[in-house]
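Bear in mind that the values in this text are calculations on the coordinates, not laboratory data. Worth saying up front: this structure is predicted, and the values here are computed from it rather than measured. When we count neighbours, we look across all protein chains shown, and the Cβ atoms used for this are built from the backbone with ideal geometry, even at glycine.
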Amino acid sequence: MRIPVVCAGSIAVCCVLASQLSAGRAGEGQPGIVAPSEIVVVGDTIPVSLTGLPGDAVRGRAIVLDRAVGNCLICHQVPVPAETFQGNIGPDLRGVGGRLGEAQIRLRVVDQSRLNPATMMPPFYRVDDLTRVAARFKGLPVLSASAIEDVVAYLVSLKQ
Ligand code: HEC
């Protein structure tokens with residue numbers, strides 16, 4: 001089903017709206033899932049898996065490469081030369097798993113604004129303080145808890 005979205009706002013808000021179309025409903029209130037409101041930040045990390053389980057790096061790679069979901073490539077480079085038009089607004093993600101630990105990467109994907117309130121990077125697992133969210137998407141994070149864990153597993157695997 002196609003749902004029309006008017007992208008009149010910032011690039012970040014467009015990313016959020018566009019990705020919510022395909023991300024599906026996230027696990028608020030599901031047993032075993034850490035909801036956006038229950039996130040515990042320790043220093044610059046989220047130490048605990050949002051699902052209680054390790055993510056799947058193969059699924060995470062697909063999410064990162066999918067321009068309709070996270071749209072990470074509009075801002076970042078990844079070690080996938082076949083993907084043309086990779087952005088440079090954010091840091092190059094090649095080798096990110098060597099620079100940052102899993103728990104650090106989790107916080108950055110969940111909500112970079114906890115570290116830098118002025119960041120361009122949209123929060124992928126936050127539901128409050130979002131601007132211009134269409135009513136049908138209120139209360140939904142862009143990525144589900146398991147999608148976040150899959151993305152984290154892929155980024156952790158990027159050691160060089
Ligand atoms: C609109 C641009 C944009 C999009 C889209 C975006 N990011 Fe970012 N990202 C940034 C910027 C800018 C930073 C630098 C940190 C800051 O702004 O404080 C960053 C930082 C990061 C970092 C920390 C890297 C480091 O070396 O410190 C990770 C990891 C990351 N992004 C992953 C992702 C993933 C995964 C996606 C897609 C699901 C994504 N980003 C989508 C702009 C973006």
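Below is a table of values for the structure above.
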{"quantity": "Extension gain, Arg67 back to Ser157 (0.36 nm per residue minus Cα-Cα distance, nm)", "calculated": "30.4 nm"}
{"quantity": "Extension gain (nm, one decimal) between Leu115 and Ile74, 0.36 nm per residue minus Cα-Cα", "calculated": "12.7 nm"}
{"quantity": "Label-point separation, Asp128 to Gln30 (7 Å along Cα→Cβ), nm", "calculated": "2.3"}
{"quantity": "Förster radius 35 Å - calculated FRET efficiency between Asn88 and Val42 (Cβ-Cβ, nearest 0.05)", "calculated": "0.70"}
